[in-house]
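Structure first, then comments.
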Amino acid sequence: MDKKHYKVETWGCQMNVHESEKIAGIAQSLGYVPTDDEKEADLIILNTCCVREHAEAKVYGRLGRLKSLKRKNPDLIIGIGGCMTQQKDEAQHIAKRYPYVDFIFGTHNLHKLSEMIANAKGAGSTIVDIQEDGYGKIVEGLPVERDDRVKAWVSIMQGCNNFCTYCIVPYVRGRERSRSREEIIKEVRGLAVQGYKEVTLLGQNVNSYGKDLEKPVDFSALLRELNEVEGIERLRFTTSHPKDLSEDLIFAVKDCEKVCEHIHLPFQAGSTEILRRMNRKYTKEQYLALAGRIKKEIPGVSITTDIMVGFPGETEDDFEDTLDVVRKVRFDAAFTFLYSPRRGTPAAKMKDQVPYGIKHPRFLRLLDLTQKISAEENAKMKGKTVELLVEGVSKNDPARLTGRTRTNKLVHFTGDANLIGKLINVKVTEPRNWSLYGEIVRN
Ligand code: 5AD
Ligand code: SF4
């Protein structure tokens with residue numbers, strides 16, 4: 001009999017990308033093989049995001065289009081899970097409006113996905129299985145089918161306790177739960193044996209890793225232990241919260257030769273008053289001081305960030321504070337977002353929402369500045385020799401390979417495919433806004 005095919009479609013952050021690797025692992029354990037062609041698929045699973053309205057709108061659009069696919073192929077199994085379905089009453093809404101969806105799962109019950117896929121056909125109506133509370137222990141041992149052969153994601157914790165007032169994540173991902181130190185080390189060692197060279201540790205707030213464990217472990221101590229795993233060449237982590245980033249962590253990044261000099265440190269807004277209303281628990285001055293400490297202690301470090309424009313009550317002066325932080329820190333890259341009200345969060349109920357006509361021009365001004373600064377920072381790399389981990393063939397130009405610097409900058413260069421997975425030195429010849437071009441330095 002012909003093999004059955006599956007396709008996983010992913011929206012959202014790296015955590016979701018990694019969870020899709022687990023969804024793929026589960027589908028493969030049931031005998032499905034991957035396909036990129038929706039017409040060939042017997043199983044399509046949407047792994048969704050709800051952090052901004054835009055992400056949700058795209059999923060709804062996709063759900064709508066799946067209807068005709070299902071009409072042509074009634075045996076097709078359609079499942080939807082992830083952050084969007086975990087929102088209050090959302091699963092019931094989807095089941096009602098899109099009855100051709102076969103099953104709906106949430107963020108806390110991936111371990112039940114096998115059963116849902118297996119039972120989908122016989123059920124007769126949409127199976128809805130959302131586990132409400134996010135306090136349960138992390139389920140270990142799910143199969144994982146990783147997309148990449150050089151770099152791997154490793155989740156070290158789930159959930160978030162911070163309740164920034166704009167953010168839906170604590171509601172859909174539950175409270176912070178750390179994986180045990182032993183499980184993480186075992187997974188990273190296993191990846192080294194499989195030939196992986198780079199590991200990125202994932203969590204909504206990695207700086208508070210381990211505080212909830214029976215025997216608490218500090219994140220910097222975990223990094224120091226992972227630095228000893230033979231075969232792994234590079235370690236990265238994301239995301240850091242400025243209120244929790246410790247001196248110990250700065251020194252762990254400085255001391256550990258495998259830990260890359262790159263810190264993603266979202267600041268969200270420059271104005272201390274807006275930060276207070278966001279419940280971020282730091283001031284503009286504290287953020288600037290922290291960025292200064294990091295730059296002083298870790299030579300050549302790159303700092304990247306997330307910034308939000310148009311939080312309720314943001315005045316022109318508040319926005320100027322955001323621009324001021326960008327000018328002072330000079331981020332290597334910044335992800336910029338328009339504030340998007342999320343159902344059930346405190347900020348969505350705040351009175352002074354900023355109209356689109358005001359927040360959008362601010363967003364464009366911010367984008368202009370962040371892009372100008374990133375381009376200037378990239379331009380400084382011209383003529384420098386940097387170490388790259390070669391990741392694969394360039395997506396834009398099949399004649400070239402790409403790799404990343406320790407500071408996470410993408411570099412395109414001409415080279416032989418047998419360099420994939422290796423560390424090499426490249427001289428930067430042509431910096432561009434988003435990436436760099438270079439040539440191999442022969443020793
Ligand atoms: N609106 C806009 N951006 C948001 N983010 C989180 N919640 C919202 C929201 N409601 C952004 C933050 C966060 C990033 C992952 O998404 O900047 O750091
Ligand atoms: Fe959301 Fe804040 Fe938690 Fe990040 S730290 S996931 S922005 S609540």
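The values are calculated or read from the model by the stated rules, or taken from the named source; none is laboratory data. Small disclaimer: the values here were computed from a predicted structure and weren't measured. Here the Cβ positions follow ideal geometry from the backbone for every residue, glycine too, while neighbour counts run over all protein chains shown. Heads up: the accessible areas ignore ligands, DNA and RNA and are worked out on the full protein's heavy atoms, side chains in. Shrake-Rupley method; radii C 1.70, N 1.55, O 1.52, S 1.80 Å.
Of all the numbered requirements in (1) open to solvent by 40 Å² or more (accessible area, probe 1.4 Å); (2) under 22 Å from His262 (Cβ atoms), Arg175 misses one, and that requirement is (2).
Does Tyr32 fit the bill of being of a type in the set (Phe, Trp, Tyr) and more than 23 Å from Tyr166 (Cβ to Cβ)? In short, yes. Within the stretch 321-366, the set of residues being farther than 21 Å from Thr272 by Cα and within 14 Å of ligand 1 (Cβ to nearest atom) comprises Ala333, Arg342, Arg343, Gly344, Tyr356, His360. Filtered by the rule that a residue be within 16 Å of ligand 2 (Cβ to nearest atom) and either crowded, with 23+ Cβ neighbours inside 10 Å or part of a strand (DSSP E or B) (or both), the stretch 258-269 gives Ile263, His264, Phe267, Gln268, Ala269. For the stretch 301-331, what are the residues that are closer than 16 Å to Glu376 by Cβ, open to solvent by 30 Å² or more (accessible area, probe 1.4 Å) and assigned to a loop (DSSP other than H, G, I, E, B)? Correct list: Arg330 only. Restricting the stretch 335-375 to residues that are charged (D, E, K, R) and free of Cβ contacts under 8 Å to residues at least 24 places away in the same chain, the residue that is most open to solvent (accessible area, probe 1.4 Å) is Lys349. Kindly provide the set of residues from the stretch 224-276 that are basic (Lys, Arg), in contact with a helix residue (DSSP H, G or I) (Cβ under 8 Å, 6 or more places away or on another chain) and within 24 Å of Glu391 (Cβ to Cβ), ordered by number. Lys258 - this is the single residue of the stretch 224-276 that is basic (Lys, Arg), in contact with a helix residue (DSSP H, G or I) (Cβ under 8 Å, 6 or more places away or on another chain) and within 24 Å of Glu391 (Cβ to Cβ). The number of residues in the stretch 414-443 being in a strand (DSSP E or B) and over 21 Å from Glu261 (Cβ atoms) comes to 5.
Can you list the helices (runs of 4 or more DSSP H) lying wholly within the stretch 72-178 that have 1 or more residues being touching a residue at least 24 places away in the same chain (Cβ under 8 Å) and closer than 30 Å to Ile232 by Cα? Steps first, answer last, please.
Numbers: elements: 90-97, 113-123, 169-173.
By residue number, 169-173.
Go over the candidates Leu223, Leu288, Leu249 one by one and state the one that is of a type in the set (A, V, I, L, M) and either surrounded by fewer than 21 Cβ atoms within 10 Å (Cβ to Cβ) or assigned to a loop (DSSP other than H, G, I, E, B) (or both).
Numbers: Leu223 fails: either surrounded by fewer than 21 Cβ atoms within 10 Å (Cβ to Cβ) or assigned to a loop (DSSP other than H, G, I, E, B) (or both); Leu249 fails: either surrounded by fewer than 21 Cβ atoms within 10 Å (Cβ to Cβ) or assigned to a loop (DSSP other than H, G, I, E, B) (or both).
Testing whether each residue is of a type in the set (A, V, I, L, M) and either surrounded by fewer than 21 Cβ atoms within 10 Å (Cβ to Cβ) or assigned to a loop (DSSP other than H, G, I, E, B) (or both) leaves just Leu288.
Of all residues in the stretch 179-201, exactly one satisfies the criterion of being part of a helix (DSSP H, G or I), among the β-branched types (Val, Ile, Thr) and over 22 Å from Glu214 (Cα atoms), namely Val193. Tell me yes or no: at least one residue of the stretch 99-119 is within 16 Å of ligand 1 (Cβ to nearest atom) and in the same structural domain as Glu21 (by TED's automatic domain parsing). Yes: the stretch 99-119 contains one or more residues that are within 16 Å of ligand 1 (Cβ to nearest atom) and in the same structural domain as Glu21 (by TED's automatic domain parsing). Residues in the stretch 343-396 that are assigned to a loop (DSSP other than H, G, I, E, B) and either out of contact with any Phe, Trp or Tyr (no Cβ under 8 Å at 6 or more places or on another chain) or within 16 Å of Thr407 (Cβ to Cβ) (or both): how many? So the count comes out to 14. Quick check on the stretch 277-321: of everything there that is more than 16 Å from ligand 2 (Cβ to nearest atom) and among the β-branched types (Val, Ile, Thr), which residue is nearest to the chain's Cα centre (by Cα)? The extreme case among them is Ile303.
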